[in-house]
Amino acid sequence: MTQRITRREVMLVTGLAATVCAASALGVGGLLLLRRRAAPTPTPQPSAPPSLPPQPIIVPRAAWGARDPDHAAPNEYGYAESALDSSWWVYPGDLAAVYNTVVIHHTAHTQDTVETMQDIQNLHINRNGWADIGYHYGIDADGNIYEGRDIGVRGSSVGGYNTGLLGVVLMGNFEFDQPMEAQVASAQLLVNWLAALYSLSHLAGHSEFNSNTVCPGENIATQLDTFASNAGLQRGTGGYVAPSFG
């Protein structure tokens, strides 16, 4: 069993406890379903275009001990029938037509703590009441990239804008920590691959969508222009358009 070691006193002193990347699970709209529905099948990933950069090594959910999604979760209950529903939403059709922006986060736990994907998932399920970890990918200080929430499912990381966004979290509190070189390099490889695979147009930091947070921290915010430029993406929220699934 993984032991959680956090420095919540640091977060409380700085006021960051309220600004951890714990955005509402709501995608667009706020009504919760009152009954269960049959689980839909996640959408397969699109075929890789010929110019796709090499896929970085990604640790699958099973390898890091992910829990199964909890579809009785109070803040992401059941299965959505439309994108306007706040429940577990499996995207229909080609994911390249769904995603337009990749959003960078930090966990806001300092790097001298022991933090794992299990810790993040437990926090999101047990405290936030979500069905699963909110991010699609996580990157630790050693540069290991982890599979998070199923890529075919709407994430829960950016309040009010989750539909159509890809969430990537770097482990650390980058208001205080400097990111490790391996972590930055892996983030760039992942962004490059996602941008090509899903024909993304933009890259943004969490706080550019939600002004009530400092996520991903100023020491990662200074890297965002480079991440975007190297991946051929534009910076900011200007490319965000919530998909219509009429």
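FYI, it's all coordinate maths here, none of it is from the lab. Source: prediction; values computed, not measured. We place every Cβ from the backbone using ideal geometry, glycine too, and count neighbours over all the protein chains shown.
How big is the antiparallel share of DSSP beta bridges in the range 126-246, given as a percent to the nearest 5?
So the antiparallel bridges amount to about 40 percent of the total.
Once the other residues with Cβ under 12 Å from the Cβ of GLN183 are scored (Lys, Arg +1; Asp, Glu -1), what is the net sum?
Surrounding charge for GLN183 is -4.
Each label point is 7 Å from the Cα along the Cα-to-Cβ direction; what then is the distance between the points at VAL90 and ASN212, in nm?
Calculated label separation equals 3.2 nm.
With each pseudo-label sitting 7 Å past Cα toward Cβ, what's the ASN230-ALA97 distance in nm, one decimal?
Calculated label separation equals 3.3 nm.
Between ASP70 and ALA185, what FRET efficiency comes out of the Förster formula 1/(1 + (r/R0)^6) with R0 = 35 Å and r the beta carbon distance, rounded to 0.05?
That gives a FRET efficiency of 0.55.
Counting other Cβ atoms within 10 Å of each Cβ, which trypsin sites (Lys or Arg not before Pro) in the range 43-141 have at most 16 and sit in a DSSP loop?
Qualifying residues, ordered by number: ARG67.
What shape does the range 47-176 take by its C-alpha gyration tensor, where a ≥ b ≥ c are the square roots of the eigenvalues and a/c under 1.5 counts as rounded, a/b above b/c as prolate, and the rest as oblate?
oblate
Non-local amide H neighbours of ILE145 (under 5 Å, H modeled in plane, Pro and chain starts lacking H): which ones?
Amide H neighbours of ILE145, under 5 Å, 5+ apart: VAL59.
Does the range 150-208 come out rounded, prolate or oblate by the C-alpha gyration tensor, with a ≥ b ≥ c the root eigenvalues, rounded set by a/c under 1.5 and, if not, prolate when a/b is larger than b/c and oblate if not?
Note, shape of the range 150-208 comes out oblate.
Could you go through the range 210-215 in sequence order and give the Karplus-derived ³J(HN,Hα) for each residue, using 6.51 cos²θ - 1.76 cosθ + 1.60 with θ = phi - 60°, rounded to whole Hz, and x for Gly and Pro?
So the J values, rounded to whole Hz, are 10, 6, 8, 9, 9, 4.
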